[in-house]
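Here is the structure we will look at, set down as structure tokens.
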Amino acid sequence: MSTDTHVSNRWSSRYAYILAATGAAVGLGNIWKFPYIMGENGGGAFVFVYLICVLLIGIPVMMAEVVIGKRGRSTPANAVAHVATEAGHSSHWSIIGTMGVLAGFLILSFYIVIAGWAAAYVFYAGSGEFSSAAADPATNAEAIGTLFGNLVSSVPQLLVWTTLTMTAVIYVISKGVKGGLETAVTYLMPALLVLLVAIMTYSAVVGDFAAAFSFMFDIDFSKLTIEGVLVALGHAFFTLSLASGIMMVYGAYLPDGVSIAKTSIMIAIADTMVALIAGLAIYPIVFAHGLEPSAGPGLLFQSLPIAFGSMPMGDVVGTVFFVMIVFAAFTSAIALLEATAAYLEERQGMPRVKAAITAGIAIWICSLGTVFSLAGTEWAQINFGFMGSNIFDMLDYLTANILMPLGGLLISVFVGWIMKTEVIKEEFNLAQWQFTTVMVLLRWVAPLGILFVFANSVGLLDVIK
Ligand code: PFF
């Protein structure tokens, strides 16, 4: 195997990079998770705190990851080791990169299952399930509940949808960075935007837009809890795809001369806009139909279809809506597989196609843990007492509450304190005041903020209290 581990892939343009990174960022987190956690945590005040988290922590950490990837020009563990040794420090810092790739691997193992639900719902909506459930208003909610319940409790159904989605993801990644990833996002991202704006417009016309708008933007801090602040910070990480290997890998493919600061800001703005537009597409329907804004994870799959069934052109709109979710989830799933596939390609010297298939199959096998958790199979019901009650909950907890915050903390400390300042300065290429601001955020604000979340999520603050 060659000792030169540097990747030779590059995005063909700055635009391609922005599309791919925005594709990685925009996903189920924006359209499925953000609306319901906003609903559960008090609306406007939560949105406000979330925006602050993106601005003060999310963007600097994204810049830090990209700069490591770009400077190291290799997959995360090697890139971190390269940058650390360049600054005269131990190559053991590479653990940061390894943790990221591991987090990405684990996230994809459950993300792909939920992406599969969305694919199943395209089929349900398209075959008129929502409108036939709505034929009898008295049993509409119950019929939709049964539809969802049957899907998530059926191993064969979950397996079919998960496997189909995973196969498509493997196919794209096997085609490489330019031929696969870039081509996919070039079509899917503009399509996603068009569908999203179309649905928001429809929703504004037939739904209660005013109620949705005031729910999302009237800031009432009395509705915000400390838990809400922590959820907002955790979500900023998840939605921007931080600390999961991706942004380092995408940074390694960044052509020279592209501004890391400007592109990171643009990606964060695009991601946030999509989350807000998704809220403005979903909540008018929720309010117009008297549904519960704090319905939780079922908001998208159990509440909205109740409304779709009785709305004008509801089956068509429902189909388009779930197609949009599949596109969003797909562009994140390919990013997640890229991290593991690139690792196998570089570290194990595997050819691209073999790396994509091997990584995909390994993750598919892990996804069985989530499939069987949902279906209630006994071996998947693992309970350590604090990470939920099955493998799915455990993976979610482990990635969102442990690996991501810890990874983000280490990344900001690494770039803030370990990496050579001249190197960062050269790579960021910012005016002095801008550079100083980013460094203050990376050295102090991000680590302390993350430490606060982390301590809380693993229950340390409860012990102190
Ligand atoms: N950012 C994606 C979303 O919001 O759905 C989720 C995600 C993708 C997280 C890729 C992490 C990642 F590496």
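For Ile59, the conditions (1) surrounded by fewer than 24 Cβ atoms within 10 Å (Cβ to Cβ); (2) under 18 Å from the mean Cα position of the chain (by Cα); (3) β-branched (Val, Ile, Thr); (4) farther than 28 Å from Pro255 by Cβ all hold with the exception of (4).
If you filter segment 440-465 down to residues that are open to solvent by 40 Å² or more (accessible area, probe 1.4 Å) and at pLDDT 90 or above, you find that the one that is nearest to Thr85 (Cα to Cα) is Arg443. Phe386 meets each of the listed conditions (1) in contact (Cβ under 8 Å) with a residue 40 or more places away in the chain; (2) assigned to a helix (DSSP H, G or I) apart from (2).
Within the bounds of segment 375-397, is there any residue that is at pLDDT below 95, among the small types (Gly, Ala, Ser) and touching an Asp or Glu at 6+ places or on another chain (Cβ under 8 Å)? For segment 375-397, residues at pLDDT below 95, among the small types (Gly, Ala, Ser) and touching an Asp or Glu at 6+ places or on another chain (Cβ under 8 Å): present. Cβ-Cβ distances below 6 Å connect the following pairs, each with a first residue in segment 29-48 that is small (Gly, Ala, Ser), a second residue that is open to solvent by 10 Å² or more (accessible area, probe 1.4 Å) and within 16 Å of the ligand (Cβ to nearest atom), and a separation of six or more residues or different chains: Gly29/Phe238. Among residues of segment 328-340 that are under 15 Å from Met248 (Cα atoms) and in contact (Cβ under 8 Å) with a residue 60 or more places away in the chain, none has a beta-carbon under 6 Å from a residue that is open to solvent by 10 Å² or more (accessible area, probe 1.4 Å) and near the ligand (Cβ under 8 Å from one of its atoms) at least six positions away or on a different chain. Hey, does segment 284-293 have a residue that's touching a residue at least 24 places away in the same chain (Cβ under 8 Å), within 16 Å of the ligand (Cβ to nearest atom), farther than 30 Å from Ile68 by Cα and open to solvent by 10 Å² or more (accessible area, probe 1.4 Å)? Scanning segment 284-293 turns up no residue that is touching a residue at least 24 places away in the same chain (Cβ under 8 Å), within 16 Å of the ligand (Cβ to nearest atom), farther than 30 Å from Ile68 by Cα and open to solvent by 10 Å² or more (accessible area, probe 1.4 Å).
Within segment 116-127, the set of residues being within 14 Å of the ligand (Cβ to nearest atom) and closer than 12 Å to Val160 by Cα comprises Trp117 only. Residues that are open to solvent by less than 30 Å² (accessible area, probe 1.4 Å) and either in contact with a Pro (Cβ under 7 Å, 6 or more places away or on another chain) or of a type outside the set (Val, Ile, Thr) (or both) within segment 410-426 comprise Ser412, Phe414, Gly416, Met419, listed in sequence order.
For segment 233-255, the set of residues classified as within 14 Å of the ligand (Cβ to nearest atom) and among the hydrophobic types (A, V, I, L, M, F, W, C) consists of Ala236, Phe237, Phe238, Leu240, Leu242, Ala243, Ile246, Met247, Met248, Val249, listed by residue number.
Here Ile95 clears all of (1) open to solvent by less than 10 Å² (accessible area, probe 1.4 Å); (2) under 25 Å from the mean Cα position of the chain (by Cα); (3) more than 15 Å from the ligand (Cβ to nearest atom) except the condition numbered (1).
Confirm whether Leu19 is farther than 23 Å from Leu108 by Cα, open to solvent by 20 Å² or more (accessible area, probe 1.4 Å) and among the hydrophobic types (A, V, I, L, M, F, W, C). No, not satisfied. Here the condition is being surrounded by fewer than 17 Cβ atoms within 10 Å (Cβ to Cβ) and not in a loop (DSSP other than H, G, I, E, B); of Thr437, Thr370, it holds for Thr437 alone.
Residues in segment 23-40 that are open to solvent by 10 Å² or more (accessible area, probe 1.4 Å) and near the ligand (Cβ under 10 Å from one of its atoms): Trp32, Lys33.
Might you check whether a residue that is open to solvent by less than 30 Å² (accessible area, probe 1.4 Å) and in contact with a Leu (Cβ under 7 Å, 6 or more places away or on another chain) occurs anywhere in segment 79-89? No, every residue in segment 79-89 fails to be open to solvent by less than 30 Å² (accessible area, probe 1.4 Å) and in contact with a Leu (Cβ under 7 Å, 6 or more places away or on another chain).
Could you grab the pairs with beta carbons closer than 6 Å, sequence gap of 6+ or different chains, first residue in segment 398-420 and under 18 Å from Val229 (Cβ atoms), second one at pLDDT 95 or above and in a loop (DSSP other than H, G, I, E, B)? Note: pairs meeting the criteria are Met404/Ala243; Gly408/Leu242; Gly408/Ala243. Given the structure, is Ala204 of a type in the set (A, V, I, L, M), surrounded by fewer than 22 Cβ atoms within 10 Å (Cβ to Cβ), more than 16 Å from the ligand (Cβ to nearest atom) and more than 23 Å from Leu300 (Cβ to Cβ)? No; evaluated as a whole, the condition is false for this residue.
The values are calculated or read from the model by the stated rules, or taken from the named source; none is laboratory data. Bear in mind the structure is a predicted one, so any value in this text is a computation, not a measurement. Using ideal geometry, Cβ is built from the backbone for each residue, glycine included, and neighbour counts are taken over all protein chains shown. Side chains included, ligands, DNA and RNA excluded: accessible areas come from the protein's heavy atoms. Shrake-Rupley method; radii C 1.70, N 1.55, O 1.52, S 1.80 Å.
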